[in-house]
Amino acid sequence: MNSADEVKQRLDIASVISDHVQLTKAGRNFRGLCPFHTEKTPSFFVFPERQSWRCFGCNAGGDAISFVMKKEGFDFGEALKTLADRAGVTLPEKKTRSPEDTLSPRLYQINENAAQYFHDLLLNSPAAEAARKYVESRQLSPETVKEFRLGFSMDSWESLKQHLKKQGHREADLVAAGLAIAKEDRTYDRFRGRLMFPICDAKGRVLGFGARALDDSMPKYLNSSESPIFSKGKVLYGVDRARGAIHEHNKVVIVEGYMDALTAHQHGFRNVIASMGTALTENQIAILKALTTHICLSLDADAAGNAATLRGIEVCRNSLTTSDNRAHAVHGWLGKSTELSAQIDIISLPEKQDPDEVIRRSPEEWQALVDVAQPLLDYLFAATAKEFDLSRPEGKSQLAERLLPLIAQMNDSAVRENYLTKLSKLTGIGEKILVAKIPDLLYTKRKPSKGKQKQIEIPPSTLRTGDQLEEHCLSLLLQYPGLRNTAKNLSADRFERSENRELFDAVCTAQGNDDIRGKLDAALHEHLEAITDKQMPPLDKKEQEKALADCVRRLERRKLRSEYIFEAESALEHGANPEESSARLTELQRQHTTLG
């Protein structure tokens with residue numbers, strides 16, 4: 001979460017604006033006379049659910065920060081500081097660029113050079129004969145070895161260090177990259193006598209390495225140590241090679257190990273990646289969200305009782321299922337509230353077998369297992385049921401307590417009722433009794449109790465942050481600079497969030513990507529990096545232009561929906577001239593339809 005988001009989460013926009021504008025309740029929203037132009041009929045609205053404001057008279061709008069900027073004549077930094085002081089948020093201090101800011105590019109280059117060195121050794125060095133025999137025993141083809149740049153580390157204390165020093169790299173940077181270990185007054189190679197797996201990000205940059213022992217050395221698998229560019233919980237093996245196929249099939253298959261992923265790719269299953277033996281993390285899911293919302297998890301037959309596995313599934317489910325309640329339908333053509341829900345399936349493997357074995361034995365069998373993957377909740381029902389003795393009442397109760405919260409979080413009432421019935425049959429507990437256990441979770445529409453109702457305070461962490469549409473648009477412009485001329489007709493006021501508006505202005509006026517950072521307040525540098533690093537599917541020039549055009553169209557439609565709602569509500573509330581109101585609504589609907 002960036003500083004601007006934190007400030008806005010801690011403040012109520014209606015409270016901020018009411019310091020300057022007399023607001024009155026208008027349904028879920030507030031309205032008042034616009035402070036930015038003269039008017040007699042209120043056309044200035046504040047939308048608490050969206051934490052935004054808009055004047056439908058002068059067309060100004062935005063969030064709390066943009067309001068303070070416009071009202072006080074502040075720049076972004078000044079407005080953010082004013083609101084941060086009010087919210088009790090400490091903003092990051094401005095700092096000048098230091099030599100350490102160049103560390104990450106140096107680490108990328110060191111890892112790239114190391115990957116090439118390891119790969120050359122595997123292909124050509126007599127010392128790598130055992131590694132080549134192991135690769136052959138795992139039936140990996142020369143093409144797969146080259147595509148994934150598998151390598152070999154010499155069984156030597158300083159082989160890699162001396163090679164990289166000759167290329168001009170410093171020992172301190174080798175240690176920072178996790179390739180060397182510093183101990184007392186010397187440094188030595190971290191990887192010795194191992195088969196090497198370069199681990200890349202979605203852009204193909206080498207972040208670190210996985211290394212497999214070729215003898216009885218422990219640990220069997222060793223990774224690069226944590227570095228500014230590498231963290232095991234933030235990467236997925238093979239995503240750079242799989243992203244095109246994931247986008248094409250709109251599905252990703254996640255396996256556990258390097259060999260599982262390599263064998264899958266070699267046999268044509270190109271949308272497969274590996275979690276490298278760890279439970280899935282939110283950072284890893286964030287990488288996939290830009291590519292697909294259909295995830296297939298490959299699990300061992302005995303993984304049902306593995307707590308770490310179930311935690312990973314829970315992270316996957318929670319991270320990929322989000323809802324966007326910003327769009328409220330006033331009339332049919334506006335559409336319903338949109339919801340982005342992930343499809344999560346579980347591939348159950350034969351006992352004591354992994355994907356590598358299954359695929360090598362029979363690619364057709366693997367494909368069949370993928371095709372019959374169980375929906376997540378069906379898998380969890382079966383897996384969790386094995387943990388409890390359902391012949392005993394307490395076992396049934398424990399199973400219900402474990403599964404009911406998952407059912408309660410389902411957004412589709414029909415699906416929810418289906419699983420509630422399934423749980424009732426599984427446990428022998430009546431549906432009414434199950435519902436009574438967690439009424440607050442299952443039903444949001446409850447009869448109001450007599451007397452004063454308790455105010456329920458929503459924790460800040462559950463409030464909406466970011467704007468996926470705006471951020472996707474900015475990510476396109478940052479990652480594909482050639483699109484910026486195409487975006488000249490896009491106005492900054494289409495961005496409701498101030499941080500995105502500031503970033504859009506910087507992108508449009510900067511001479512290049514290096515110049516953008518200097519145009520932004522320090523509080524926005526983290527936001528810039530987050531938008532720049534968003535994972536994007538590989539797009540050719542035509543697809544890039546189409547994606548941007550779609551963003552612009554959707555931003556325009558969003559503005560028209562807001563105008564339509566305002567016109568419709570105004571007509572109902574103030575009894576506007578029916579002919580004028582009807583004509584205006586018809587024109588807005590025509591514009592909306594034209595945009596597609």
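The values are calculated or read from the model by the stated rules, or taken from the named source; none is laboratory data. Model, not experiment: these values are computed from the prediction. FYI the Cβ positions are ideal-geometry reconstructions off the backbone, even for glycines, and counts take in every protein chain you see. Please note that ligands, DNA and RNA were not included when accessible areas were found on the heavy atoms of the full protein model with its side chains. Shrake-Rupley method; radii C 1.70, N 1.55, O 1.52, S 1.80 Å.
Values for this structure:
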quantity	calculated
Identity of the residue in the range 110-128, within 12 Å of Gly151 (Cα to Cα), over 32 Å from the mean Cα position of the chain (by Cα) and not small (Gly, Ala, Ser), that ends up most open to solvent (accessible area, probe 1.4 Å)	Asn124
Leading residue by the ranking (modelled with the highest pLDDT) among those in the range 390-411 that are open to solvent by less than 80 Å² (accessible area, probe 1.4 Å) and not in a helix (DSSP H, G or I)	Leu390
Filter result (open to solvent by 60 Å² or more (accessible area, probe 1.4 Å) and of a type outside the set (Phe, Trp, Tyr)) within the range 62-87	Lys70, Lys71, Glu72, Gly73, Asp75, Glu78, Lys81, Thr82, Asp85, Arg86
Candidates Lys8, Lys40 - the one that is surrounded by 20 or more Cβ atoms within 10 Å (Cβ to Cβ) and modelled with pLDDT under 90	Lys8
Positions within the range 170-205 being assigned to a loop (DSSP other than H, G, I, E, B) and more than 19 Å from Ala127 (Cβ to Cβ), in sequence order	Arg170, Ala177, Gly178, Glu184, Asp185, Asp201, Ala202, Lys203, Gly204, Arg205
Top-ranked residue in the range 483-504 [being over 20 Å from Glu78 (Cβ atoms) and polar (S, T, N, Q); ranked as most open to solvent (accessible area, probe 1.4 Å)]	Asn489
Selection within the range 93-123 - touching a helix residue (DSSP H, G or I) at 6+ places or on another chain (Cβ under 6 Å) and modelled with pLDDT under 90	Lys94
Test: residue in the range 511-532 that is surrounded by 15 or more Cβ atoms within 10 Å (Cβ to Cβ), assigned to a loop (DSSP other than H, G, I, E, B) and modelled with pLDDT of 80 or more	yes
Contacts under 6 angstrom Cβ, first residue in the range 211-230 being farther than 24 Å from Lys133 by Cβ and open to solvent by less than 60 Å² (accessible area, probe 1.4 Å), partner of a type in the set (Gly, Ala, Ser) and in a loop (DSSP other than H, G, I, E, B), 6 or more apart	Ser224/Gly178; Ser225/Gly178; Ser227/Ala177; Ser227/Gly178; Phe230/Ser224
Candidates Glu147, Glu158, Glu184, Glu171, filtered to the one that is open to solvent by 20 Å² or more (accessible area, probe 1.4 Å) and touching a residue at least 60 places away in the same chain (Cβ under 8 Å)	Glu147
Hits in the range 533-548 - residues which are in a helix (DSSP H, G or I) and either in contact (Cβ under 8 Å) with a residue 12 or more places away in the chain or in contact with a Ser or Thr (Cβ under 6 Å, 6 or more places away or on another chain) (or both)	Lys541, Gln544, Glu545, Ala547, Leu548
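Residues checked against (1) open to solvent by less than 20 Å² (accessible area, probe 1.4 Å); (2) outside any loop (DSSP other than H, G, I, E, B); (3) touching a residue at least 40 places away in the same chain (Cβ under 8 Å); (4) in contact with an Asp or Glu (Cβ under 8 Å, 6 or more places away or on another chain):
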{"residue": "Thr263", "(1), (2), (3), (4)": "yes, yes, yes, yes"}
{"residue": "Phe269", "(1), (2), (3), (4)": "no, no, yes, no"}
{"residue": "Ile273", "(1), (2), (3), (4)": "yes, yes, no, no"}
{"residue": "Asn283", "(1), (2), (3), (4)": "no, yes, yes, no"}
{"residue": "Leu288", "(1), (2), (3), (4)": "yes, yes, yes, no"}
